[in-house]
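I have a structure I would like to understand better, so I am pasting it below and will then ask my questions one at a time.
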Amino acid sequence: MKTKQIIYQVDAFTTEPFKGNPAGVCILDHEPDSLWMQNIAMEINASETAFVFPGKDCQRIRYFTPEVEVPLCGHATLSASHILYETNLVNEGKELQLSAKAGFLKIRKAGSWITMNFPSYRINKCAIPAEFEKVIGVKPLEFYKCDKGLTLALISEEKIIRQLKPDFSAMKKSEFGDLMVTALSSDNRYDFCLRFFAPALGIDEDPVTGSAHCALVPFWNMKTGKTDFNSHQVSKREGILKVSLKGDRVEISGQAKTIFRAELFV
């Protein structure tokens with residue numbers, strides 16, 4: 001008899017439904033065909049859907065946007081980990097180990113907070129692209145290229161970040177199609193704020209982006225000398241993260257809320 005395939009939707013980096021970043025989570029007993037996973041992600045139409053299945057030494061995880069597979073996704077990792085702990089597939093006191101295309105991930109849970117250990121990305125300061133202001137709507141103070149094709153722009157203040165309305169069609173053709181914009185937070189509960197635009201991946205704006213902090217944490221460590229930060233992603237849905245620099249790794253902590261579960265018939 002075929003095992004039921006269950007898919008969940010989880011709001012990550014929040015404790016409130018309809019806030020944070022929604023992700024699909026599918027826990028499987030085998031690795032399915034890549035096209036099947038891509039089609040499920042397209043059907044779910046969240047910014048990411050995570051697929052977890054057995055691997056050689058630990059469970060594997062793969063991530064798909066509605067259009068492409070990506071090597072790493074923070075909020076989908078958080079969502080998948082949340083489901084594994086919530087359904088008791090992993091005991092709360094046990095460290096969870098996942099193998100992603102971007103590398104080996106270690107995850108632990110304490111109370112309602114789940115902490116993910118991710119790689120730290122290199123950041124390289126570059127000249128500000130000539131078309132940046134026209135496409136994004138503001139001239140940044142600084143511009144950086146980061147690992148994994150990400151770019152980062154330092155903006156003078158949070159208010160400007162909140163008001164940005166980029167030209168997403170033009171972004172797809174630019175050298176900064178996966179862009180983090182960041183500034184010091186205007187709210188004393190947080191250290192810095194950000195928004196994340198990724199039209200090249202089929203996501204005009206990602207509501208809350210864990211993996212962006214692989215670059216943001218070393219960036220703000222360079223700027224401030226601090227290693228521990230409270231981050232506020234100021235998208236419409238917004239999200240809150242606790243992040244830390246641990247040598248050449250970044251720890252990203254967040255909470256999550258299960259929204260629904262459903263049975264797949266395909």
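The values are calculated or read from the model by the stated rules, or taken from the named source; none is laboratory data. This one's a predicted model, so the numbers in the text were calculated from it and none came from an experiment. Every residue, glycine among them, receives a Cβ derived from its backbone with ideal geometry; neighbour counts consider all protein chains shown. Note: areas computed on protein heavy atoms with side chains; ligands, DNA, RNA excluded. Shrake-Rupley method; radii C 1.70, N 1.55, O 1.52, S 1.80 Å.
Under a 1.4 Å probe, what is the accessible area of the chain per residue, stated in Å²?
I get 46 Å² per residue for the chain.
Ignoring any ligand, DNA or RNA, what whole percent of the accessible area of the chain comes from carbon and sulfur when the probe is 1.4 angstrom?
Solvent-exposed carbon and sulfur of the chain make up 49 percent of the total.
Taking θ as phi - 60°, what are the ³J(HN,Hα) couplings along segment 35-51 by the Karplus curve (6.51, -1.76, 1.60), each to the nearest whole Hz, with x for Gly and Pro?
Those phi angles translate into 5, 4, 5, 5, 5, 5, 4, 5, 5, 5, 6, 7, 4, 8, 10, 9, 10 Hz.
When the helix-only estimate is applied to the chain (DSSP H runs of n ≥ 4, each -39,500 (n - 2.57), divided by the residue count), what is the mean residue ellipticity at 222 nm, nearest 500 deg cm²/dmol?
-5500 deg cm²/dmol
For SER186, what residues show an amide H to amide H distance below 5 Å, using hydrogens built from the backbone and excluding near sequence neighbours?
Result for SER186 returns GLU158.
While we're looking at this one, here's another question. Order of 67-75, 95-103 by packing, highest average Cβ count within 10 Å first?
67-75, 95-103
Next question, about the same structure. Consider all pairwise Cα distances in segment 163-266 and report the whole-number % of them above 18 Å.
Distances greater than 18 Å cover 53 percent of the Cα pairs.
Where a Cα-Cα gap under 14 Å defines reach, which aspartates and glutamates qualify for LYS173, not counting those fewer than 8 residues away within the same chain?
GLU131, ASP204
Taking a cut-off of 29 Å between Cα atoms, list the lysines near LYS56, but don't count ones fewer than 8 places away on the same chain.
Excluding near neighbours in sequence, the set is LYS2, LYS4, LYS94, LYS101, LYS106, LYS109, LYS148, LYS246.
Note the listed values (1) 0.97; (2) 0.90; (3) 1.03, then indicate which one is Cα Rg over 2.2 N^0.38 Å calculated from this particular structure.
(1)
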